[in-house]
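As structure tokens, the structure follows; a few thoughts come after it.
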Amino acid sequence: MARRGRFAECLITKEINLCLMRRVVMIAILPLLGAILIVAMIASLLVWSDLCRMSSRGRRRCVVGSALMGVGLVALSIKVAAVWWIEDALAQSRGPVAPIASRLHSVDWRNPIASKSPGRFETVSWRALPARATDPLDNPTTVDKATLGRKLFLDRRLSRDGSVACVDCHALDRAGVDGRPRSLGVDGQVGARNAPSVYNAAFLSRLFWDGRAASLEEQALGPIANPVEMGVEDLNRVLARLRRDAEYPSLFAQAFSGEESITQTNLARALAAFERTLIQNQTRYDRFVRGEGEFTPLERRGMRLFHSVGCRQCHQDPTFSAAGRIGAVGAYRPFPRYGGHAIVARYALTEDAGNAMGRQGVWRVPSLRNVARTAPYFHNGAVTELEEAVRIMGLAQLNRQLSEQEVRALSAFLRTLSGSLQQEDLGLLSGESIKRSNDM
């Protein structure tokens, strides 16, 4: 049932699941190899029967040809057995995983570390987050642009009545969230969904809960124009405010060339350039993967469980989201997959059905980075404790009742995905850090 559920999920989301790809390939290849083996055996018999009726010289050819055919059959049989054995090992890797090496070493994210479990064919690789995200060709990050973006991010004049700024829902000292189930907008209105973090958003290929934005530039103006969030009906009014300001005209001119630099496009580009500097790649997880730190035994067990029970199917490292730009496949998943559990109804997780790709019940997969610091959880912000969120995911997505020991271990591992406040405040928000990033 679990495998049929995963296949149905792939059909719903039109995504490629790597585990299913291996299964499909094996189902297609093994019968083909078997057919080739049978044909080769028949050919060998024909060679023997035809050649061996000839003269003595022909008999020598018969022996040589039959020997070569026999060697080919043996080689083909070995290949079939090897492919079957590899697939069996891969299938087992989706079950309990043997302990990984005492320390995982990594050069960088393009050459991820790999540890081989003793006594079996299995590789478990983990990636660390890069220090910098790739800039779009039409919006390279510069100190002037990111400095302007930071000022705009903090400015409440970007809202209709001057009461809400980007930072009010995405607090820079709270891992990029506000800690509310749903954020407050203009006139005290309550948003429809929990505010995602802006930290590391530069590494995501789809933004918003429904994934409707494909880049930070595309996402930036959405909250400003949202009637519940910042409530601006006409963005030209915001641009007019910025043009009348004493500082913004010169700041835009420094960041962007052109006769008229204060435009909607440049407003979005400046905000995106600043958000592209909000990167945390110095978590305990990242240091461990790079071979610079250690995990506790509980954290190690949680890391193995995260891989073995299936969490990594949707939350791939290094972004820990299927919507990541590095090492991820696809961006959307049905949630909840198993909605019949009482805990799903207890937290009203199906009242908002989602509408990613125009399909009810399908969502963009959120990142788990900083998950220990970004409560409350889920699209409706209904869950306040990380351990409870882990229990829910076990039932709602895996149809599995996790033991309390497993919940504690998984939660311990998830807490290693958070960065420190001091590093964020001192390193990520300064112009000097932007300059160093550009020089890399």
message: Condition first: out of contact with any Ser or Thr (no Cβ under 8 Å at 6 or more places or on another chain) and closer than 22 Å to H170 by Cβ. Can you find one or more residues in the stretch 303-319 that meet it?
response: yes
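Has the stretch 291-305 got at least one residue that is within 21 Å of L204 (Cα to Cα), of a type outside the set (V, I, T) and assigned by TED's automatic domain parsing to the domain that holds S367?
No.
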query: For the stretch 338-356, does any single residue satisfy the condition of being surrounded by fewer than 21 Cβ atoms within 10 Å (Cβ to Cβ), at negative phi, of a type in the set (K, R) and modelled with pLDDT under 95?
result: no
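Give S205, S183, S163 a once-over and let me know the one that is in contact with a helix residue (DSSP H, G or I) (Cβ under 7 Å, 6 or more places away or on another chain), within 24 Å of N266 (Cα to Cα), polar (S, T, N, Q) and at pLDDT 95 or above.
S163
The values are calculated or read from the model by the stated rules, or taken from the named source; none is laboratory data. What you see is a predicted model; the values in this text were computed from it and never measured. Glycine also receives a Cβ, built like all others from the backbone with ideal geometry; neighbour counts cover every protein chain displayed.
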